[in-house]
1. Go over the candidates 122, 156, 117 one by one and state the one that is assigned by TED's automatic domain parsing to the domain that holds residue 85, closer than 20 Å to residue 84 by Cα and either loosely packed, with under 13 Cβ neighbours inside 10 Å or at pLDDT 95 or above (or both).
2. Confirm whether residue 98 is touching a helix residue (DSSP H, G or I) at 6+ places or on another chain (Cβ under 9 Å), under 25 Å from residue 179 (Cα atoms) and modelled with pLDDT of 95 or more.
3. I want to confirm something. Restricting to region 166-187 and keeping residues that are part of a loop (DSSP other than H, G, I, E, B) and among the acidic types (Asp, Glu), which single residue is nearest to residue 153 (Cα to Cα)?
4. Could you please find all residues in region 129-155 being polar (S, T, N, Q), part of a helix (DSSP H, G or I) and under 20 Å from residue 170 (Cβ atoms)?
5. Does residue 145 satisfy the condition of being farther than 16 Å from residue 85 by Cβ, in contact with a Gly (Cβ under 7 Å, 6 or more places away or on another chain) and surrounded by 12 or more Cβ atoms within 10 Å (Cβ to Cβ)?
Amino acid sequence: MTVDDRAGRHTDDAEIDTATTEVADAVATGQTKRSRVQRGIPRWLRNVKLVPVILVLLLAVSGGLATWLYFHQYRPDQQTDPRVAQAVSAASDGTVALLSYAPDTLERDFATAKSHLAGDFLSYYDQFTQQIVAPAAKQKSLKTTAHVMRAAVSELHPDSAVVLVFVDQSTTSKDSPDPSMAASSVRVTLTKVDGKWLITKFDPV
């Protein structure tokens with residue numbers, strides 16, 4: 001091997017060593033930057049699976065959008081058909097009357113509620129309140145107050161209608177004077193009797 005060959009080999013080795021060093025430095029730099037980024041992220045967030053989180057968020061958004069579309073876009077007839085407004089009002093007022101009562105005004109509260117009812121449901125409500133609700137309300141000083149948050153017609157016919165009602169109910173008692181809140185939805189079936197919408201079915205959903 002000549003002097004020139006040895007010199008060339010040393011040059012190549014030097015270039016390889018230099019290239020290797022540059023790659024190692026680049027990798028180290030990249031790891032350092034990644035470590036710095038990770039240190040800025042909470043440990044629990046580093047371990048979170050992004051795909052499930054995204055799916056949950058999408059489902060929540062789509063559910064909210066569906067509700068908004070139902071009340072504001074899918075039911076445009078509510079703004080144009082007076083029968084719809086009458087059915088919604090009757091279902092809302094009747095729901096509030098059914099779910100609101102106080103121990104000192106039970107008979108008046110029950111009478112108000114019954115004025116919104118008809119058919120077999122009226123008979124059932126009268127029996128249920130006298131045998132179950134009234135004794136419990138008096139014994140435990142139960143007081144409930146209902147507020148309708150949303151209501152929309154899902155079916156409408158000349159003499160019948162179905163209204164979906166979303167309601168919040170506040171309850172207090174002798175043992176629990178602080179109000180407890182409960183949210184629920186009810187499928188209210190109405191029948192027109194002598195020109196007035198009355199509740200004939202009341203089904204929680």
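1. One residue alone meets the criteria, 117.
2. Yes; evaluated as a whole, the condition is true for this residue.
3. Among those residues, the one meeting the criterion is 178.
4. Once the filter is applied, which keeps residues that are polar (S, T, N, Q), part of a helix (DSSP H, G or I) and under 20 Å from residue 170 (Cβ atoms), region 129-155 yields 129, 139.
5. No: the conditions fail for residue 145.
The values are calculated or read from the model by the stated rules, or taken from the named source; none is laboratory data. Please read all numbers here as calculations on a predicted model, not as lab measurements. Glycine also receives a Cβ, built like all others from the backbone with ideal geometry; neighbour counts cover every protein chain displayed.
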